[in-house]
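Asks: Quick one: structure below, then a few questions.
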Amino acid sequence: MTAKISIIVPAWNEKNLDVITSLYTNLPGVEVICALAKGDDVTPEPGGTVVVRTVKGRAAQMNAGAKLASGDILLFLHADTVITQESLLAVREVLQLPYVAGGAYRLKIDSPSAWLQMVSFVANIRSLVFKAPYGDQALFLSKKLFDKIGGYRDTPILEDVMLVKQIRKRGKLKIINEYAVTSGRRWHGRGMARSTLVNWAIMLGYYMGVSPQKLVKTFKR
């Protein structure tokens, strides 16, 4: 039997939400759950998309979506990121391997900027060598393991890093040979060099033991 995949999309006032979710709704063995924050003015058009609303915060929104999910596999997809329908086959296949606890896609930033191509390259090297993907790489794992882990930690940032750490305690984390294509708008909007340096500073602070709460106050994003 083909494992059912629940694609969970956390969003906040995402104007292109229907464009993203329409790529996956009505696919056999796939459900799409939009996890929106209360107060969000955007409401996805009906057409197979499940909507859940909760307090604002990516971790809380993704946990709410996961709680509602009926799939065997949970795939967390940022609202500004796209994966191909065909790539879901690789997700199913890799999670059938007994030593694999979870996985992620390779990263591609949708921008002609040489700087952002470098950022993608570094992210993919980090993911492949250190098995440390971030949330914009479409993290996935079984719902059973997600529930066992206790879901995403209640934290303002770095919820993806903490989830990956928990997955790796349970088995191998596999980076599949498929790309999650994410918009370059965040880097362009905030400044490419500044955004990259802030991200690196946050990660350095985290590994030095600084709490996510203090980091988010220091580096307001």
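The values are calculated or read from the model by the stated rules, or taken from the named source; none is laboratory data. None of these values were measured; they are calculated from a predicted model. No Cβ is skipped: glycine too gets one built from the backbone with ideal geometry, and neighbour counts run over all protein chains shown.
Asks: Of the residues that sit in the range 1-23 and are part of a strand (DSSP E or B) and within 17 Å of ALA59 (Cα to Cα), which one is modelled with the lowest pLDDT?
Replies: ALA11
Asks: Looking at (1) assigned to a loop (DSSP other than H, G, I, E, B); (2) surrounded by fewer than 19 Cβ atoms within 10 Å (Cβ to Cβ), find the lone condition where LYS67 falls short.
Replies: Going through the list (1) assigned to a loop (DSSP other than H, G, I, E, B); (2) surrounded by fewer than 19 Cβ atoms within 10 Å (Cβ to Cβ), LYS67 breaks only (1).
Asks: Consider GLU31 carefully, then state whether it is surrounded by 19 or more Cβ atoms within 10 Å (Cβ to Cβ) and of a type in the set (Asp, Glu).
Replies: yes
Asks: If you go through the range 171-209, how many residues are in contact (Cβ under 8 Å) with a residue 60 or more places away in the chain and at negative phi?
Replies: Within the range 171-209, residues that are in contact (Cβ under 8 Å) with a residue 60 or more places away in the chain and at negative phi number 20.
Rundown of residues vs (1) small (Gly, Ala, Ser); (2) out of contact with any strand residue (DSSP E or B) (no Cβ under 8 Å at 6 or more places or on another chain), yes/no style:
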| site | (1), (2) |
| --- | --- |
| ARG106 | no, no |
| SER113 | yes, yes |
| VAL122 | no, yes |
| LEU128 | no, no |
| PRO133 | no, no |
| PRO156 | no, yes |
| VAL164 | no, no |
| ILE175 | no, no |
| TYR179 | no, no |
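Asks: Any idea which residue in the range 24-54 is nearest to GLU86 (Cα to Cα), counting only those that are among the acidic types (Asp, Glu) and part of a loop (DSSP other than H, G, I, E, B)?
Replies: GLU45
Asks: Scanning the range 189-200 for residues that are at pLDDT 80 or above and of a type outside the set (A, V, I, L, M), which turns out farthest from LEU128 (Cα to Cα)?
Replies: Among residues in the range 189-200 that are at pLDDT 80 or above and of a type outside the set (A, V, I, L, M), the one farthest from LEU128 (Cα to Cα) is ARG194.
Asks: Here is a follow-up. Residues to consider are SER70, SER111, SER87; find the one that is at pLDDT 95 or above, under 20 Å from ALA180 (Cα atoms) and of a type outside the set (D, E, K, R).
Replies: SER87
Asks: Any chance you could count how many residues in the range 210-221 are closer than 11 Å to LEU158 by Cα and either assigned to a helix (DSSP H, G or I) or touching a residue at least 40 places away in the same chain (Cβ under 8 Å) (or both)?
Replies: Looking only at that region, the number is 4.
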